[in-house]
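First comes the structure, then the notes that go with it.
The values are calculated or read from the model by the stated rules, or taken from the named source; none is laboratory data. This one's a predicted model, so the numbers in the text were calculated from it and none came from an experiment. Positions of Cβ are backbone-derived with ideal geometry, glycine not excepted, and every protein chain shown enters the neighbour counts. Accessible surface areas use protein heavy atoms only, side chains included; no ligands, DNA or RNA. Shrake-Rupley method; radii C 1.70, N 1.55, O 1.52, S 1.80 Å.
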Amino acid sequence: MNLYRHNRPFELERGGILPELVIAFSTYGELNAAHDNVVWVCHALTADSEVAAWWPHTVEAGRFLDPARHFIICANILGSHYGTTGPLHINPATGRPYYGDFPELTIRDMVKAHRLLADMLGIHRIEALIGSSVGGFQAVEWAVEEPERIEKLVLIATAAKATPWCIAIDETQRMAIEADSTFGEPYASAGLKGLAAARAIGLLSYRGADGYNLTQQDTEETPVQHRACTYQQHQGEKLCRRYNAYSYYKILNAFDTHNVGRGRGGIETALQRITAQCLVVGISTDIVFPASEMRSLNDLLPHSTYHQIDSPFGHDGFLVEHEQLNRILNPFINSSHE
């Protein structure tokens, strides 16, 4: 992991100002002399910049993220727990961690940080910009804001605007965090019981009925504790060991601001600004971003093609079905290299 320190104030869309900014990022492969072999990956909610760790069997030779062909980069999002400035960082103005006082963010703020990093690295043309889930929020926003920088755009299980359904999922998770009486206290482990519950709620929407019924069946006729129960508890505890409630809460808030049409004449008008060749990928059982909505997004994008992954694992299919994903993405990303 690398750190870029931007030692100047960073203004946020909702009025806040970060006195300074740190951006954590990871790279794979080598940047060529022309700086035109870049594949930029935008990550989702609790992921980090280490794409090879959270997206297995993608950053490999012969795959769509091939380090021998491309300079692959992923920047940790603003507000996250994994290196980029967030609630656990020290506020230079006070000498203490931000915690709940961290300013409110938007997707556009996250993209603004990505653009700042790209400029610092001398990356003026991105061969392929890839975003899954809320990583797709960032990717489509970036392609609308700066179409001249993006050559190809891949949007997987995502949207051009946060829907009421997505916002409702986020609000239910926020309610769980707020129900923890320690949330709001000035220490890093505040709100962890609420965070565990929020994560368990989120997982229901990520996997859906098919995914749970396939993987969490009890193996005994009368179990003392159901496998589905222990799975929910384990996943909540697992996130608490690696994340914090303040980052999770602030990032959920930011996700709900997503709307590429805001201030741009609406979604359809905004999407017409995109000049990149586009590939939209839906997942057959996704209940967060249903395949029907993905097809509608594809129809609104100029120069776009739609593909679908068949998977019982719902929204998480983009993390699991790497073979299907590679068959779809590899020809698209590497077509100019064949």
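Only beta bridges with both residues in segment 1-147 are counted; by DSSP, about 60 percent of them are antiparallel.
At R0 = 45 Å, how high is the FRET efficiency between Asp36 and Glu185 if r is their beta carbon distance? Nearest 0.05 is fine.
0.40
The slack between His303 and Arg227, meaning 0.36 nm per residue of separation minus the straight C-alpha distance, is 22.8 nm.
Given R0 = 35 Å, the distance between the Cβ atoms of Ile17 and Ser335 translates into a calculated FRET efficiency of 0.25. Computed from label points 7 Å out along Cα-Cβ, the spacing between Met120 and Glu171 is 3.7 nm. Along each principal axis, taking the top coordinate minus the bottom one, the Cα set of segment 153-295 gives 56, 43, 23 Å in descending order. Based on the alpha carbons, how large is the Rg to Rh ratio for segment 97-193 when Rh follows Kirkwood? Dividing the radius of gyration by the Kirkwood radius yields 1.08. Surface analysis of the chain yields an accessible area of 41 Å² per residue, using protein heavy atoms and a 1.4 Å probe. Dimensions of the chain from C-alpha coordinates, computed as largest minus smallest value along each principal axis and given longest first, are 58, 54, 40 Å.
About its Cα centre, the dipole of segment 13-113 is roughly 120 debye, where the only charges are +1 on Lys and Arg Cβ and -1 on Asp and Glu Cβ.
Measuring max minus min along each principal axis, the C-alpha atoms of segment 24-139 give extents of 47, 28, 22 Å (largest first).
Taking the Cα centre of segment 267-322 as origin and assigning +1 to Lys and Arg Cβ atoms and -1 to Asp and Glu Cβ atoms, the resulting dipole is close to 220 debye. Compactness of segment 224-338 is given as radius of gyration and Dmax, 18.2, 57 Å, from Cα positions. Just the protein heavy atoms count here, and of the accessible area of the chain at 1.4 Å, carbon and sulfur take up 52 percent. Would you kindly calculate the translational diffusion coefficient of segment 275-338, applying Stokes-Einstein with the Kirkwood radius from alpha carbon pairs, for 4 °C and a viscosity of 1.567 mPa s, and quote it in µm² s⁻¹ without decimals? Once the numbers are plugged in, D ends up at 106 µm²/s.
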